[in-house]
Structure formats: structure tokens, C-alpha cells
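Here, each number is a calculation from the coordinates, and none is a lab measurement. Computed from a prediction, not measured in an experiment: that's the story for all the values here. Glycine gets a Cβ as well: all are built from the backbone with ideal geometry, and neighbour counts include every protein chain shown.
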Amino acid sequence: MATGGVNIDHIAALRQQRGTKYLDPIDVAVLVQLTGADQISVHLREDRRHIQDRDVRLLKEMLQIPLNLEVGNTKEMIDFSLAIRPNMVTLVPEKREEN
């Protein structure tokens with residue numbers, strides 16, 4: 001039975017706001033996977049506001065469920081996505097005026 005995917009961006013936001021290494025999105029993703037989620041989604045922004053390159057690389061290596069990488073429609077983000085090869089890439093706006 002499908003349970004749905006979980007976006008873990010807010011976990012990374014808390015980590016960044018605190019300026020610490022704890023509340024690691026990787027740890028949370030593994031727990032979410034163990035609870036039966038069908039996929040993990042993260043949004044890698046150009047400014048790396050929350051999710052970091054390291055997070056995406058580790059998620060791709062560690063997850064046994066699909067990874068959906070949300071990125072802006074820029075050469076940098078597309079190139080990164082092609083290098084990482086997540087299960088799915090979703091193009092999303094980076095700025096309000098792109099909606």
C-alpha cells in the first residue's frame with residue numbers, strides 16, 4: 001500500500017537556523033523510510049538556504065526508496081541533478097515572480 005512521500009526541507013531549515021549539525025535531514029530521512037514512506041523529497045535552492053549539496057549526495061547513497069530532487073530551472077541545478085541522478089527531478093520556481 002502506498003503511503004506517500006515526505007518532504008524534509010523544514011528539518012534542514014531548523015538545522016541552518018540553529019547553526020548546528022544536529023537535526024540532520026539524513027537521519028530524519030532514514031527514520032521516515034523505516035516508517036514506510038514511498039519517497040523523500042528535498043528542494044536544493046541555488047542559495048543553498050536549507051538543503052545542502054552534501055545532503056542530496058548522502059540521501060542518494062543511503063536511501064532505499066526513491067529520492068525526488070526539486071530544483072530551479074537553471075544550468076547549475078540541472079547539471080547537479082544530472083550528476084547526482086535522483087529517481088525524480090521536479091523543476092520548481094526559485095522566486096515568487098517565477099510562479
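Data overview
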quantity	calculated
Phi to ³J(HN,Hα) by Karplus 6.51 cos²θ - 1.76 cosθ + 1.60 over the range 69-80, Hz, x for Gly, Pro	9, 9, 9, x, 8, 10, 4, 4, 5, 5, 4, 4
Candidate values (1) 1.10; (2) 1.39; (3) 1.04, label of the one derived for Cα Rg over 2.2 N^0.38 Å	(3)
Furthest towards positive pole of dipole, VAL6, GLN17, LEU44, structure part the chain, Cβ charges	GLN17
Total charge dipole magnitude, the chain, about the Cα centre, Cβ charges on Lys, Arg, Asp, Glu only, Debye to nearest 20	220 debye
Interchain or long-range residues, amide H under 5 Å from ASN7's placed H	SER41
Amide hydrogen neighbours beyond the local backbone of GLU70, cut-off 5 Å, H modeled	VAL42, HIS43, LEU44, THR90
Inter-centroid distance (Cα atoms) of the range 36-73 relative to the range 16-34, Å	12 Å
The chain, relative contact order [Cα under 8 Å, separation at least 6], %	24 percent
